[in-house]
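Structure record follows, encoded as structure tokens.
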Amino acid sequence: MSSQHRQKCSYGGECKLIENDSCHANDFEHPDFCRDGGRCENMNYEHLKAYRHVPLCQYRRQCLDYNRGTVDHCRNFRHCLSMCRFGHFCVKFHDEKHLSQENHPFHPPCPLTPFHCRQYNSLCDTKNIRTLSIEVQNHCLQYSHVCRYGRQCYETADIHWKNTIHVARNICLKNDACTEIDQENHLNSFSHPGIADIRRFCPYPGHECRDRRKLEHIKQYRHHGNHDRSGVISCFGQNKTINFVENQERIVQAIKKYAKSLNSRDTLSIPLEIQKWIKGLQPIHRCSKVIFESILVHGHVMSREHMEHLKNPSFVAQAVQEHKRVRAIFDRYKTPAIEDYAKEYIRAIVFLEYSKKHGTTAITGAAIGDLLMPVTHDDYGDTIRKKERMFQSLMKLEEVETIKKCAIDIAEASWNLHSSPSGIGYSNDKELGTDKHVFSVLGPHLGHYYGDIFLVFKSEVMFHPDANFSPQAATSFLSGRTFTNRPWVQDPGARSAKIKCFHESKLHCAIPGYEYAAVAELIAVSGLQKKTMDIDLKTILNYWTKADSHQVFEAHLPRLVPLDYIEEVYIPKNLFASLTSAAQESATKVFRDTLHITDHKINLTDTGGGVSPLSDKSRSEYQDFVIGILMKKIEKRKEHAKHFRGFVLTLAPNQFTDHIVLPLTINDAHNQYLRIHKQSSNSNVVYIYWETMYGDMMVTLSDEPIIPDEKQPHIRCLVCYIAEKPSMTTTSYNESYSYLNAGEPYRHGIIKTNGQCSSSSRSFHRGCNMEEFSMYCLKIDKQTGQVILSHAGPNSIYCYETIACKFSKISLDLNKLQYVHVSAGSHKVPIRDLIISFEEISDLHPSFDMKFKRGDDPFPRSKKSYDYDRLTSSKIPYTTLSTKYKTSSSTDDVFDYDVDDKNLDPCPYSINCVLQESLKHMKEYSHPCPYSELCRSKDKEPHLTHEPHRVEQCSLKSSCQKLDDPLHRVKYRHPGYPDFLIPCRDGLNCHNKTFDHRTKYSHGEKIETSEFMSYDTSHKPSSKYHPEYRDTEYTHVKTSDQRTPCRYGSNCYVQNNSDHCSEYSHPCEYKSKHSTSSSVKRTPCRYGNNCWDKNSYQHCLEYSHPDDE
């Protein structure tokens, strides 16, 4: 029998071929079975490779036979938990099922990580851990928390890696050149150099921090208390009959036809620059002094119809209750009894004021709801005194005074306003329905006849469901002027048809593509006189500044807009001085820094009438000044502003009794999508995205609009309820149900009680950042009936909880759901970017880097020069040894070399040389580049050599614990690390013991690299210093090998296969022939030619074999 034994399988106990490939099993030797059999719990890689094991049971710890203790089953199957392949970088740390099925190298996660654990935040903020309480220290030692630095963490202590989870976010592609660092969503979605993934809390709440807009402050801090303070703009369904998608298509097709009529070769071309300009426009309202004072008192900008209602004291009392200052008091107490008493108090005050103005008989017996109000002055006064007495023990005196003053002021202003409402062409407005809107111009407003006070609204007002804009003023449709100014639209003749034509011209900023249709209108109207469609932005601006305000975009805002939505106010100095002292004080307090009182003194007696352009010089100069500022602002917004891309609204609390329907159906959105993308395989999947704060809100899809005061026995609904976000002030996590359900939204109370719905979760928000808007995605697959509610935006990196349900067509036909509604529960709910899409929007689904491992370069695409942090006071000039990642000038410019690398003698000390950064030394001697042949800057490094480093890759790769071992680094390669360590100038006296420092520098070790390198014979080491180097032989190895290095290295069990070797190279092919005169003597192998380790490179370094020659 031959004494030759079989070669060991390189996969050891992990080999997958032993059971199914008899040839492989016969040709290669495999280890024995682990003696623990099914009891084995060791999932260490080395153990699994050293021994074969019985298979893992697919049910693991949930196996019934395992829990019953069935002997045969437990003998034949293991039930241990495998190690999660992501290890320290696992993102599913809040997934209880995942944690129960796989082991992780960190402690159980804190339920409030990563954003809201107060104990861990205290740990991060302290400079001395010992000053923290025992409870805080114990908590941080017993539970894991997400490391603030993610992929940028350089901490090496074992205790840190046991107590933290590292989520490697994807890198921002722009790195240091990022222009979105001031945007929280972007900062919370991607990693940026030098910025922690989870920034520390600023000591001040968001609304109090003065530095919140400063870039350096934003890079360091996030803010708590980011409560949305926008007022509620009520929805009245003013656009429910408008099909904005069809309007867009109608406008574009009409102008395309018009363009062809001008010139058969002329086509409609829409420059991107003008589309950006359109997106940068904001609605601007102009008003007189009287209207401005009334706005300040009411706290709203009002429509004409709203002003009409002010003659009714009941309506005025309701307006007082909704005033911001009064609402703030109600929200502070959140007590129904106090709110009811306050409402009765307000009603009595308003009725008393109106009775003084109008006389008692006009309001005798006026009722609000079920409450019959008193009918005499004495009765009103009696009610007021009783309530004030009750408030003594319920509210602060100054709060009562605030309510009383607010009620009296609004009653006074309402009485004055309703008798002389503002507006031009009021009778036409009523017929057109525009009396229900607040008028403004979408863009620079040159309508001086409306007044000299400019109110610049926030752009988000245009994304409200009740807002819209038309190419020209609504009244121009009835007068017929628009058909002259816009010949591509035919005059229908009849008055009712003209009104219809006006409604068909409306556009909405929340409908994708609105800017395209708007630009088409501007191009056509700007080129009307010259009969051309070749129009640029400069021509449009010239037209805009010369045209009457009725001939540019007329914006129709919701009927009642709170002052929160006014971004800036411009008013001349003398006009501001003419306001009442109360109005001046209120304007200064409400608008603060956004109130711009210019130095202009205008003629207060000349309004200019309805003439355009403006004839009065003082008013003209003031108007030009403001318009100039607004034009610059639009230009800036065009390039840098974050634009909304969906509906924006704030819902009033109504306990889910009112359901606001969007003026865009799923079917209309789908038709628009198909026009752009033609037929798409994804068009059967609907994605509804939205951002909201606080929670306790619903998105309801239905096959017909929900009408609260009508019976709808056949209505079919899909309800998506987002639970109120849980409290983060407690140490335990407690969340209400978030759910999906097929049924009417009015069943919400029952579902909250018994939890019976289609699908739900009580941990949906675990891991969310509660201090910012949260984005959600509702995915509806109409073909399969699958509905999935998940997180989108930054929270999707840490929150993987989903709520899913599959509906049959019998229970709920998803194809019939067309209408999208939103509603709120017990508090107001701000919603923004509500989008209906038919493709997954990739930038709303940020993820993590699945390939990132411990030790990898955090920003591999932006590597700078190799960082040498040596602790030295030497004045010798330092430079980097490798310019692999240099971004500045080449090394030739730095060292002023006039010779190439072939004229340099190799330094005899090689990588051990402590002078390799000396300019004088580097001009005479070359040294091995730390990156060997893998260096990408070879042409720029004449002072370095780049010989192939023929070694295997370390099996632990970048997770290796021996990265600080110079000899190990020479013997094995590690992704992301240089092959060699550079000598630290302090050598054995170095006091820097950190792992990070030791992974870069050696400290006195003498490392011989010759046996691992393939040298060119022209680069023999110089003998100038030490003659003993003369006898050292360097074998030339061909380096033009174009084959791919085999991933299994010398452990490859098919390296004797000629077909395989023609494509792949192996380390054993490059074995150095060691000189007998060298200091390295190999021991003859005891097995001789029968050795089965002859193909092992490491074995052959120590042992020789007869057939080596």
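Looking at ILE835, ILE803, ILE751, can you tell me which residue is touching a Gly at 6+ places or on another chain (Cβ under 6 Å) and surrounded by 19 or more Cβ atoms within 10 Å (Cβ to Cβ)?
ILE835
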Scan segment 735-757 and tell me whether some residue there is assigned to a loop (DSSP other than H, G, I, E, B), of a type in the set (Phe, Trp, Tyr) and outside the structural domain of PRO114 (by TED's automatic domain parsing). yes
Given the conditions (1) in contact (Cβ under 8 Å) with a residue 24 or more places away in the chain; (2) more than 27 Å from LYS311 (Cβ to Cβ); (3) surrounded by 23 or more Cβ atoms within 10 Å (Cβ to Cβ), every one holds for PRO487 apart from (3)
Selected residue [among the polar types (S, T, N, Q) and in contact (Cβ under 8 Å) with a residue 60 or more places away in the chain] from ASN243, ASN312: ASN243
Any hit, segment 129-149, residues being within 22 Å of MET850 (Cα to Cα), in a helix (DSSP H, G or I) and either over 29 Å from the mean Cα position of the chain (by Cα) or modelled with pLDDT under 90 (or both): no
Where residues in segment 950-990 are at pLDDT below 85 and touching an Asp or Glu at 6+ places or on another chain (Cβ under 6 Å), which of them is farthest from PRO858 (Cα to Cα)? SER958
When you scan segment 224-255, how many residues do you find that are modelled with pLDDT of 90 or more, out of contact with any helix residue (DSSP H, G or I) (no Cβ under 8 Å at 6 or more places or on another chain) and not small (Gly, Ala, Ser)? 5
Residue that is nearest to the chain's Cα centre (by Cα), among those in segment 783-800 that are buried (at least 18 other Cβ atoms within 10 Å of the Cβ) and in a strand (DSSP E or B): ALA792
Subset of segment 933-977 that is among the aliphatic types (A, V, I, L, M) and outside any loop (DSSP other than H, G, I, E, B) - its residue that is nearest to the chain's Cα centre (by Cα): LEU934
Checking the structure you have, find out if any residue of segment 414-424 is over 30 Å from PHE351 (Cα atoms) and either surrounded by fewer than 17 Cβ atoms within 10 Å (Cβ to Cβ) or under 37 Å from the mean Cα position of the chain (by Cα) (or both). yes
Determine whether ARG212 is part of a loop (DSSP other than H, G, I, E, B) and outside the structural domain of ALA328 (by TED's automatic domain parsing). yes
Does PRO205 satisfy being within 31 Å of the chain's Cα centre (by Cα), within 30 Å of ASN654 (Cα to Cα) and without any contact (Cβ under 8 Å) to a residue 60 or more places away in the chain? yes
All but one of (1) free of Cβ contacts under 8 Å to residues at least 40 places away in the same chain; (2) in contact with a helix residue (DSSP H, G or I) (Cβ under 8 Å, 6 or more places away or on another chain); (3) not aliphatic (A, V, I, L, M) hold for TYR221; state the number of the condition that does not hold. (2)
How about segment 435-455: which of its residues are over 20 Å from ALA518 (Cα atoms) and either in a strand (DSSP E or B) or among the polar types (S, T, N, Q) (or both)? VAL438, ILE453, PHE454, LEU455
Filter segment 47-61 down to residues that are hydrophobic (A, V, I, L, M, F, W, C) and assigned to a helix (DSSP H, G or I) and give me whichever is nearest to HIS30 (Cα to Cα). ALA50
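Within segment 613-642, track down each residue that is part of a loop (DSSP other than H, G, I, E, B) and surrounded by 15 or more Cβ atoms within 10 Å (Cβ to Cβ).
LEU614, ASP616, ALA641
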Any residue at all in segment 514-536 that's under 30 Å from HIS309 (Cα atoms) and assigned to a loop (DSSP other than H, G, I, E, B)? no
Return yes when ILE233 is more than 30 Å from VAL326 (Cβ to Cβ) and of a type in the set (A, V, I, L, M, F, W, C) and no when it is not. no
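Just checking, how many residues over segment 841-855 are over 15 Å from the mean Cα position of the chain (by Cα) and surrounded by 14 or more Cβ atoms within 10 Å (Cβ to Cβ)?
The number of residues fulfilling the criteria is 5.
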So LEU310 ticks every box in (1) touching a helix residue (DSSP H, G or I) at 6+ places or on another chain (Cβ under 9 Å); (2) at positive phi but one. Which box is left unticked? (2)
Name the single residue, out of those in segment 62-97 being basic (Lys, Arg) and either in a helix (DSSP H, G or I) or modelled with pLDDT of 90 or more (or both), that is surrounded by the most Cβ atoms within 10 Å (Cβ to Cβ). ARG78
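Can you tell me which residue is surrounded by the most Cβ atoms within 10 Å (Cβ to Cβ) among those in segment 155-188 that are among the polar types (S, T, N, Q) and within 23 Å of GLY87 (Cβ to Cβ)?
Our first condition is that a residue be among the polar types (S, T, N, Q); within segment 155-188, this holds for 156, 163-164, 170, 175, 179, 183, 185, 188.
If we keep only those that are within 23 Å of GLY87 (Cβ to Cβ) as well, we get 156, 163-164, 170.
Values: THR156: 18, ASN163: 20, THR164: 23, ASN170: 16.
In this case the residue turns out to be THR164.
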Restricting to segment 662-707, give me the number of residues that are touching a His at 6+ places or on another chain (Cβ under 7 Å) and either part of a loop (DSSP other than H, G, I, E, B) or surrounded by fewer than 21 Cβ atoms within 10 Å (Cβ to Cβ) (or both). 5
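Taking segment 98-134, which residues are charged (D, E, K, R) and either farther than 30 Å from CYS57 by Cα or surrounded by 20 or more Cβ atoms within 10 Å (Cβ to Cβ) (or both)? Break it down stepwise before answering.
Restricting attention to segment 98-134, the residues satisfying the condition of being charged (D, E, K, R) are 102, 118, 125, 127, 130.
Passing the criteria: ARG118, ASP125, LYS127, ARG130.
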Would you pick out the residues in segment 686-715 that are modelled with pLDDT under 95 and hydrophobic (A, V, I, L, M, F, W, C)? MET693, ILE707
For ILE810, state whether it is in a loop (DSSP other than H, G, I, E, B), outside the structural domain of HIS166 (by TED's automatic domain parsing) and either in contact with a Pro (Cβ under 9 Å, 6 or more places away or on another chain) or among the aliphatic types (A, V, I, L, M) (or both). yes
Please determine whether any residue of segment 507-516 is more than 29 Å from the chain's Cα centre (by Cα) and within 20 Å of GLY443 (Cβ to Cβ). no
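The values are calculated or read from the model by the stated rules, or taken from the named source; none is laboratory data. Model, not experiment: these values are computed from the prediction. Every residue, glycine as well, gets a Cβ built from its backbone with ideal geometry; the counts of neighbours run over all protein chains shown.
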